[in-house]
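Before any comments, here is the structure.
The values are calculated or read from the model by the stated rules, or taken from the named source; none is laboratory data. What you see is a predicted model, and the numbers here were worked out from it, not measured in a lab. Quick reminder, even Gly has a Cβ in these numbers, built from the backbone with ideal geometry, and neighbours come from all protein chains shown. Note: areas computed on protein heavy atoms with side chains; ligands, DNA, RNA excluded. Shrake-Rupley method; radii C 1.70, N 1.55, O 1.52, S 1.80 Å.
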Amino acid sequence: MNITNLNENSISRTQPFTIVNVAQQGLCVGCGACAVVDQNVKLVRNKLGAMVADFSSVADLANSPSDLVCPFSDNSQNENFIGDLIYKESEHYDQRVGYYSTIYSGRRVSEDTLLNSSSGGLTSLVATELLKQGHVDGIIHVGKNQSADNDALFSFVVSYSEAEADKHKKSQYYSLSFDAVLKQVRGDGKRYVFVGVPCFIKALRNIALHDEVLAKQITFTLGLVCGHLKSSAFAELLSWQLGVKPEALQAVDFRKKNKSSTVNAYDFMATDHAGNSYSKTSARMFGGGWGYATFQLEACDYCDDIFAETADAVFGDAWLPQFNTYWQGTNIVLVRNKVIDSILNKSKISRQIVLENLTLDDLCLSQQGNFRHRREGLAVRLNDDVHAGKPIPRKRVDLDTIKTIAKKRIALVRLRRTMARESHAFFYEAKKLGDLNYFISKMTPLKDQMDRFYKPNLIIRAYRKAKRILGI
């Protein structure tokens with residue numbers, strides 16, 4: 001597929017895909033934007049462990065202001081509109097990534113800091129430098145939730161110092177909402193940098209179009225490259241395999257670095273209520289591989305934003321051959337804001353970080369799987385919905401692309417969608433039964449089917465074996 005030449009999908013429609021459709025088709029991503037603009041909306045964690053909007057107290061959902069901010073409603077502004085509004089003066093534009101000024105690879109110099117970061121540590125560096133240099137008064141980001149009465153391991157928090165921010169570093173693969181924290185800070189007269197995944201920042205930008213108070217307060221946004229969001233069941237599944245049952249789980253670390261592993265094979269660590277910790281490489285655990293889409297939220301199958309096109313900068317993992325041997329981690333960074341660009345370059349001069357220019361093509365290469373999911377895969381899923389008689393949201397892909405996609409790829413996309421949906425239901429039943437093996441037995445046939453897609457065929461394997469034997 002030509003990912004540099006994307007178009008609006010070609011299905012003619014008389015009605016937009018609204019928040020009513022989002023609710024009816026289970027496409028709520030749980031961001032909480034709707035609850036920020038409509039006091040009758042509540043965010044709840046459903047029985048599957050995903051945050052979702054509860055619209056039961058909304059008298060007329062079709063006319064709720066929430067329709068104007070939901071990231072999956074056609075009535076909210078999309079990435080193209082927001083990008084044109086905020087970043088049109090940027091030096092560069094590419095349909096794969098949106099507007100941008102500079103692209104880098106980099107990492108912190110301090111190994112201690114690196115080991116306590118998800119990747120190269122540059123997201124936290126930029127956020128804390130914005131704070132230390134007086135550009136903002138606080139950082140809104142995901143942090144650990146260790147309160148005794150919590151129903152989740154994480155929540156959105158506000159850090160007002162570098163020391164506070166350091167307690168909440170690392171990526172968390174967990175369904176969360178930001179409505180409570182935005183209501184908390186709204187009108188307090190302080191400025192903030194918001195750190196989040198692409199759809200959350202898009203939702204925040206749409207809120208700012210209708211709320212002058214928050215528009216003035218959220219002065220910077222930092223995006224995170226996102227493969228997909230997961231329900232809380234993902235943490236519970238991995239922990240359960242380490243011997244920590246869901247009801248005994250106190251804390252997790254999704255990305256514990258291990259110098260004996262490769263850069264993209266990090267460990268998962270679970271801690272129980274007694275303070276005992278256990279860890280194992282997540283890719284070696286059942287359902288731990290990202291390609292299985294275990295517990296993926298349904299909304300993530302309808303996202304076409306890879307590099308957080310509405311954020312001032314976006315950070316991801318440098319999944320590129322030249323960085324594979326550096327197990328401590330390296331970031332890719334795409335910048336759209338001059339202040340952030342200055343922070344990065346001054347940090348390089350002061351030798352806090354290693355920073356090098358990266359080409360646009362290498363940036364995109366680092367996310368080639370993500371492109372397949374949000375371009376080819378999205379075209380397949382939208383076509384399937386159309387054929388099933390479902391309304392679909394307007395996305396920046398051409399549905400005719402499906403004619404150019406290999407049948408094997410189409411089958412893989414459909415299988416992954418099935419695995420995501422089935423994983424939620426089977427794990428819910430496993431928890432009710434108190435039997436992890438129930439989940440594993442139900443998902444194993446799907447997992448085996450997925451594994452066969454990735455196994456080289458017999459001819460290729462024989463050729464590779466011959467090369468090794470002959471030394472060629």
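Can you tell me which of Val195, Val185, Val181, Val158 is at pLDDT 95 or above and either at positive phi or touching a His at 6+ places or on another chain (Cβ under 6 Å) (or both)?
Just one listed residue meets the conditions, Val195.
Looking only at region 290-306, filter to residues that are part of a helix (DSSP H, G or I) and of a type in the set (A, V, I, L, M, F, W, C); which one of those is most open to solvent (accessible area, probe 1.4 Å)?
Residue satisfying both the conditions and the ranking: Trp290.
Return yes or no: is Asp74 assigned to a loop (DSSP other than H, G, I, E, B) and either out of contact with any helix residue (DSSP H, G or I) (no Cβ under 6 Å at 6 or more places or on another chain) or modelled with pLDDT under 95 (or both)?
Spelling it out, Asp74 is indeed assigned to a loop (DSSP other than H, G, I, E, B) and either out of contact with any helix residue (DSSP H, G or I) (no Cβ under 6 Å at 6 or more places or on another chain) or modelled with pLDDT under 95 (or both).
So which residues in region 211-261 are farther than 22 Å from Asp305 by Cβ and charged (D, E, K, R)?
Hits for region 211-261 are Glu212, Lys216, Glu236, Lys245, Glu247, Asp253, Arg255, Lys256, Lys257, Lys259.
State whether one or more residues within region 371-393 are open to solvent by less than 30 Å² (accessible area, probe 1.4 Å), aromatic (Phe, Trp, Tyr) and closer than 22 Å to Phe81 by Cα.
Looking for residues that are open to solvent by less than 30 Å² (accessible area, probe 1.4 Å), aromatic (Phe, Trp, Tyr) and closer than 22 Å to Phe81 by Cα, one finds at least one in region 371-393, hence yes.
Based on this model, can you work out whether Gln322 counts as more than 25 Å from Leu209 (Cα to Cα) and in a helix (DSSP H, G or I)?
Spelling it out, Gln322 is indeed more than 25 Å from Leu209 (Cα to Cα) and in a helix (DSSP H, G or I).
Before we move on, is Asp317 open to solvent by 10 Å² or more (accessible area, probe 1.4 Å) and closer than 16 Å to Glu91 by Cα?
No, not satisfied.
Among (1) out of contact with any Lys or Arg (no Cβ under 8 Å at 6 or more places or on another chain); (2) of a type in the set (Ser, Thr, Tyr); (3) closer than 12 Å to Ser105 by Cα, which single condition is Ser277 missing?
Just one mismatch for Ser277, condition (3).
Going by the structure shown, is Ser90 modelled with pLDDT of 95 or more, open to solvent by less than 50 Å² (accessible area, probe 1.4 Å) and polar (S, T, N, Q)?
no
Go through region 13-68 and count every residue that is among the β-branched types (Val, Ile, Thr), closer than 21 Å to Pro391 by Cβ and not in a loop (DSSP other than H, G, I, E, B).
Count: 4.
For the condition open to solvent by 10 Å² or more (accessible area, probe 1.4 Å), of a type in the set (Lys, Arg) and out of contact with any strand residue (DSSP E or B) (no Cβ under 8 Å at 6 or more places or on another chain), what is the one hit in Arg205, Arg186?
One residue alone meets the criteria, Arg186.
Determine whether Lys442 is of a type in the set (D, E, K, R) and closer than 29 Å to Lys47 by Cβ.
yes
Return the only residue of Val244, Val213 being among the β-branched types (Val, Ile, Thr), in a loop (DSSP other than H, G, I, E, B) and at pLDDT 95 or above.
Result of the check over Val244, Val213: Val244.
Within region 229-249, how many residues are surrounded by fewer than 21 Cβ atoms within 10 Å (Cβ to Cβ), touching a residue at least 60 places away in the same chain (Cβ under 8 Å) and either closer than 19 Å to Ser119 by Cα or touching a strand residue (DSSP E or B) at 6+ places or on another chain (Cβ under 7 Å) (or both)?
1
Could you figure out which of (1) touching a strand residue (DSSP E or B) at 6+ places or on another chain (Cβ under 8 Å); (2) surrounded by fewer than 18 Cβ atoms within 10 Å (Cβ to Cβ) isn't true of Tyr192?
(2)
Here are some conditions: (1) open to solvent by 30 Å² or more (accessible area, probe 1.4 Å); (2) under 20 Å from Leu224 (Cβ atoms); (3) assigned to a strand (DSSP E or B); (4) free of Cβ contacts under 8 Å to residues at least 40 places away in the same chain. Gly143 meets all but one. Which one does it not meet?
Tallying (1) open to solvent by 30 Å² or more (accessible area, probe 1.4 Å); (2) under 20 Å from Leu224 (Cβ atoms); (3) assigned to a strand (DSSP E or B); (4) free of Cβ contacts under 8 Å to residues at least 40 places away in the same chain, Gly143 fails exactly one: (1).
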